[in-house]
Amino acid sequence: MTTDSDEKTSGTGPAAAGTAGPAPARAGWSRVAPLLEKYGLLILFVLLFLFFANFWDRPGTFRSAANLQSVLGTYAVPGVLALAAIVPLVCGQFDLTIGSVAGLTALSTAAVLTRYEGPLWLAVLLALVIGVVIGAVNGFLVAYVGVNPFITTLGMASVITGLITLYANGATIIISDPTLTSLGSASLFGVPQILFALAAVAVVVYYLLGHTPFGRYLHAIGSNPTAARLVGLDVRRLVLASFVLSGTLAAIAGVLLVARNGNANPQVGGQILTLPALAAAFLGATAIRPGRFNVLGTLLAVFFVAFALSGLNLNDVDQWITDFFTGAALVAAVALSTLIGRRRAGAG
Amino acid sequence: MPGGTGTGAPALRVTGLSKTFPGTRALDGVSIEVEPGHVHALLGGNGSGKSTLIKVLAGVHRGDPGGELAVGDAVVASDRTSPTWARAAGVHFVHQDPGVFPTMTVAENMAIGRGFETSRAGAIRWKALRRRTVGLLERFQIRATPDTPVGLLRPADRTMVAIARALQDQEGEHEGVLVLDEPTASLPASEVDVLLAAIRRYAVAGQTIVFVTHRLDEVIAIADRVSVLRDGRHVGTVDVAGRTESDLVEMIFGRPLDEVLPETEPAGARERALEVRGLVAGPLRGVDLVLGRGEVLGVAGLLGSGRTELLTAIFGAMPIAAGEVLLDGRPVRFASVDQAMDAGLGYIPEDRAAEAAFPEMSLRENLSAGQVRRYWRGLRHRHGAEAADARGSIAEYGIRASGDQQPFSTLSGGNQQKAVLARWLRRTPRVLLLDEPTQGVDVSARAEIYAVVRAAVERGTSVIVVTSDFEELARVCDRVVVLAGGRIVAELSGTEMAPHRMTDLAFASTDARRADEPRAADTPSEVAR
């Protein structure tokens, strides 16, 4: 009844926008815009790399193998965390506990190995169990109790930080497990071993999100939860699963963190790790598959920021640039992709 | 001036207003005058043009050139209306959804939109606001304090708060026009009388009110005069005093009210695909119906009749309080949607954007939503097979798209709906439930959509269609049942399936129900609250 007039007009607007792609008049822009949107970050990354490698490299070490290895190795853990972040984001949820989970599992791994002299497999298993349990608690509160995910995970992050302080009491635990330390700092064929761990995690997440029904379901829930329920999806169970997965990935990041650092420092973890991971996830959503949280975009975002910071640091730009650049890149990229996206959707 | 004796100029004057949309003339030379201090009812069937008239008045649409609108001294050409003009002229609107903020207090609701009064330091002057609100509550006789959250008020009072908010800046009642657009449609019966009494009081105090409704008994109860639109034309304006509901029905439909005799025919010799017995859920109060195999059954119901709930209850998306559903003669009870789907049911919801579309996902992904697992073989997702199926569906269902990867949100309404339909028909459901399948869809896409439904029926699918477009039901259905007040009140088939007959039955039964059922307090909707 209320739409008797709207109906007649609705045919023109969206339809016109939808078929605008191959329209000859604006062919140039309409063909370039999607590519620019998809590969914009990649192009920037390449330009930035060439810039630091050729034009602004005072110590002359940016291109050195040692620097490349160092950057790649250092950002493997943030990379895994960023991948942990995108899983709940895909289905429209937030997980702010990932950094804290990484901190806690780093501590638990180091404690099992050093204080209790347990085997490595047990340390890793415990870390994974911790990640699964925290993820399940988050997921239960969000999906079944209906607590806002922001509040749930912010609160849980604080709880975990409290537990870390309680156990570690400020002391750093140094590990000496040879397998773990070589995973953290040795290279294989010139590539830091820890990068293989990141690659393995990335392949698994890529597969889960892009090539399994589970991933498709998460995307559907993120797009329209009501419609997802009405096509028969068990939305609550899937949301719970997304948190369990992000907790598990964060636990893996915790183990890798110990491996990389050779110790578990109770000061490392929490929001120091969470926020850059979320920033990378959002930045990554502007690239490769614009508008979607995706693995390749996320990895690109992590290393874009990583090499930019490395280049700046090598040229003795102060420490303030780290936070400043990360934030500015995020806001600029998201704003730009919103503008391009709006133009793509048509003038309306 | 109770009853408004029409001393001076009319409060609202519409002269020669036409409105043409591409392909249709929604309004055709309509001229209506509304006396000050009257409750002036605006009646008309679906597509009569009353919504369009209201929208032109609100400035949402502009009329065709040549006519004129006047509210008191404010006069505007019919093609120059705008929301700004409507506000300045003092035309205020309160819709079926009163648009109040339930968690905010009455005082805050009053101040929102109008602006909060603040002190020099920028703080809200709560005392002044409270004082003003007390004045408004008294003037509009709403039983509430300024600090009550609006959500705690009874439904009629919430609408009255919306009315008070709309009228708060008027100096007196003798200016401006209050337009109430189906204000009772979503209220429980017990609340309707409270609101109607309030509306009557406001008119007695001198407020001019244009009252749009479907319910003839409400018109008889509170309106002074009534204007009737049919097919975009103004049929006439008459005094309500001394008229009966059948007089009004005759004006609305242009022929006398046939005596309402529900003729219930058995579903015929068809095998029973789906049977519903004594279904109680939400507003439904004991629905019985039978759907034959390969049949298209229409459900004619007005807004609020429970038509949507009937489908969601069958589909397991809404809890059933009592009664049973039989699929192929076997009782079933679906605890969730996927159980209903496994049993061979499909459901296309009314609100496509909110309940069926995955806007950022591709057409391909939208087509295979709900059956993704089918492409999961050998531990990987068969993108190729999915794409091939998507291209097949695009061709089969005549979806116009640049390719199967086109983002869903960029398709037109009709093509989106065809895609949603294709999503379900690919599963060859045994029973397909369609809620307003052609809403927001242009005429040619409508025909295509029903052709697709017909083709599915040929393949053995049985269909229940719910829509408020009764002409459409008459065209596409084998049989139609009329749902009113949570019950099936009539069943029509063959030549009886005339749109006007469905409308008569839906209207008349709604009124009859409200007359013979004073125990509205124990309806499910009341209990639920």
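The values are calculated or read from the model by the stated rules, or taken from the named source; none is laboratory data. Note that the coordinates shown come from a computational prediction; the quantities given were computed from them, not determined experimentally. Don't worry about glycine lacking a Cβ; one is built from the backbone with ideal geometry, like all the others, and counts go over all protein chains shown.
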Where B:L326 falls short, out of the listed (1) in a strand (DSSP E or B); (2) crowded, with 16+ Cβ neighbours inside 10 Å: (2)
B:D338, sole failed condition from (1) surrounded by fewer than 20 Cβ atoms within 10 Å (Cβ to Cβ); (2) assigned to a loop (DSSP other than H, G, I, E, B); (3) of a type outside the set (S, T, Y); (4) free of Cβ contacts under 8 Å to residues at least 40 places away in the same chain: (2)
Residue pairs meeting the criteria (Cβ under 6 Å; at least 6 apart or on separate chains; first at the interface with chain A (Cβ under 8 Å from one of its Cβ atoms) and surrounded by fewer than 24 Cβ atoms within 10 Å (Cβ to Cβ), in the range B:405-422; second at pLDDT 90 or above and in a helix (DSSP H, G or I)): B:Q406/B:L363
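Per-residue answers, yes or no, for (1) out of contact with any Cys (no Cβ under 9 Å at 6 or more places or on another chain); (2) touching a residue at least 40 places away in the same chain (Cβ under 8 Å); (3) not aliphatic (A, V, I, L, M):
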| site | (1), (2), (3) |
| --- | --- |
| B:A74 | yes, no, no |
| B:V94 | yes, yes, no |
| B:M110 | yes, yes, no |
| B:E117 | yes, no, yes |
| B:R130 | yes, no, yes |
| B:V134 | yes, no, no |
| B:V150 | yes, yes, no |
Test for A:L240: is it crowded, with 17+ Cβ neighbours inside 10 Å and closer than 30 Å to B:S362 by Cα: yes
Near pairs, Cβ below 6 angstrom, 6+ apart or cross-chain, from the range B:344-362 (more than 8 Å from every other protein chain (Cβ to nearest Cβ)) to any residue that is assigned to a strand (DSSP E or B) and buried (at least 18 other Cβ atoms within 10 Å of the Cβ): B:L345/B:V431; B:G346/B:L432; B:I348/B:L434; B:E350/B:D435
Selection within the range A:295-313 - surrounded by 23 or more Cβ atoms within 10 Å (Cβ to Cβ) and either within 14 Å of another protein chain (Cβ to nearest Cβ) or aromatic (F, W, Y) (or both): A:F304
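Check every one of the helices (runs of 4 or more DSSP H) wholly within the range B:30-147 and list those with 3 or more residues that are farther than 29 Å from B:G254 by Cβ.
Details: elements: B:50-58, B:83-89, B:106-111, B:126-139.
Those helices (runs of 4 or more DSSP H) span B:83-89, B:106-111, B:126-139.
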Pairs where the first residue, in the range A:279-290, is closer than 17 Å to A:D323 by Cα and the second is at pLDDT 90 or above and among the hydroxyl-bearing types (S, T, Y), C-beta under 6 Å, 6+ apart: A:A280/A:T298; A:A281/A:T298
Matching residues in the range A:105-124 - criterion: being surrounded by 14 or more Cβ atoms within 10 Å (Cβ to Cβ) and without any contact (Cβ under 8 Å) to a residue 12 or more places away in the chain: A:G118
Boolean, B:V194 is at pLDDT 90 or above and surrounded by fewer than 20 Cβ atoms within 10 Å (Cβ to Cβ): no
Selected residue (criterion: farthest from the other protein chains (Cβ to nearest Cβ)) from residues of the range B:363-379 that are small (G, A, S) and buried (at least 21 other Cβ atoms within 10 Å of the Cβ): B:S368
Criterion (over 30 Å from A:A157 (Cα atoms), at pLDDT below 95 and not small (G, A, S)) met by exactly one of A:V46, A:V71: A:V46
Hits in the range B:44-80 (condition: away from every other protein chain (no Cβ under 14 Å) and not small (G, A, S)): B:P65, B:E68, B:L69, B:V71, B:D73, B:V75, B:V76, B:D79, B:R80
Criterion violated by A:G118 - all others in (1) at pLDDT below 95; (2) within 26 Å of the chain's Cα centre (by Cα) satisfied: (2)
The lone exception for B:A520 - which of (1) under 23 Å from B:E245 (Cα atoms); (2) at pLDDT 75 or above it fails: (2)
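Can you list the helices (runs of 4 or more DSSP H) found entirely within the range B:357-433 that contain at least 2 residues being more than 32 Å from the chain's Cα centre (by Cα)? Give the steps one after another, and end with the answer.
Working: elements: B:363-368, B:383-396, B:413-425.
The helices (runs of 4 or more DSSP H) meeting that bar are B:383-396.
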Extreme residue, farthest from the other protein chains (Cβ to nearest Cβ), among residues of the range B:458-471 that are under 19 Å from B:P429 (Cβ atoms) and surrounded by fewer than 18 Cβ atoms within 10 Å (Cβ to Cβ): B:E458
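Looking at B:E448, B:E436, which is the one that is at pLDDT below 85 and not hydroxyl-bearing (S, T, Y)? Even if it seems obvious, please write down each step before you answer.
Values: B:E436 fails: at pLDDT below 85.
On inspection, the qualifying residue turns out to be B:E448.
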B:E496 vs. criteria assigned by TED's automatic domain parsing to the domain that holds B:R285, more than 29 Å from A:G215 (Cβ to Cβ) and among the acidic types (D, E): yes
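Being assigned to a helix (DSSP H, G or I), crowded, with 23+ Cβ neighbours inside 10 Å, within 14 Å of chain B (Cβ to nearest Cβ) and among the hydrophobic types (A, V, I, L, M, F, W, C) narrows it down to one residue among A:A228, A:A281, A:A250; which is it?
Working: A:A281 fails: within 14 Å of chain B (Cβ to nearest Cβ); A:A250 fails: within 14 Å of chain B (Cβ to nearest Cβ).
Selected residue: A:A228, the only one of A:A228, A:A281, A:A250 that is assigned to a helix (DSSP H, G or I), crowded, with 23+ Cβ neighbours inside 10 Å, within 14 Å of chain B (Cβ to nearest Cβ) and among the hydrophobic types (A, V, I, L, M, F, W, C).
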Cβ-Cβ under 8 Å pairs, at least 6 apart or on other chains, the range B:315-326 side within 14 Å of chain A (Cβ to nearest Cβ), far side of a type in the set (S, T, Y): B:F315/B:Y347; B:G316/B:S336; B:A317/B:Y347; B:M318/B:T312
For A:Q267: the one exception among (1) more than 20 Å from B:E365 (Cβ to Cβ); (2) assigned to a helix (DSSP H, G or I); (3) more than 14 Å from the chain's Cα centre (by Cα): (2)
Contacts under 7 angstrom Cβ, first residue in the range A:206-235 being farther than 23 Å from A:V295 by Cβ, partner basic (K, R) and at pLDDT 90 or above, 6 or more apart: none
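Residues in the range A:47-69 that are in a helix (DSSP H, G or I), surrounded by 12 or more Cβ atoms within 10 Å (Cβ to Cβ) and free of Cβ contacts under 8 Å to residues at least 60 places away in the same chain: how many?
At the first step, the residues of the range A:47-69 found to be in a helix (DSSP H, G or I) are A:47-54, A:65-69.
Checking which are surrounded by 12 or more Cβ atoms within 10 Å (Cβ to Cβ) leaves us with A:48-49, A:51-53, A:67-69.
Now drop any that are not free of Cβ contacts under 8 Å to residues at least 60 places away in the same chain, which leaves A:53, A:68.
Residues that pass the stated criteria total 2.
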Matching option when the condition is modelled with pLDDT of 95 or more and surrounded by fewer than 19 Cβ atoms within 10 Å (Cβ to Cβ), among A:A127, A:A136: A:A136
Which listed residue, of B:R25, B:R13, is among the charged types (D, E, K, R), outside any loop (DSSP other than H, G, I, E, B), surrounded by fewer than 24 Cβ atoms within 10 Å (Cβ to Cβ) and within 14 Å of chain A (Cβ to nearest Cβ): B:R25
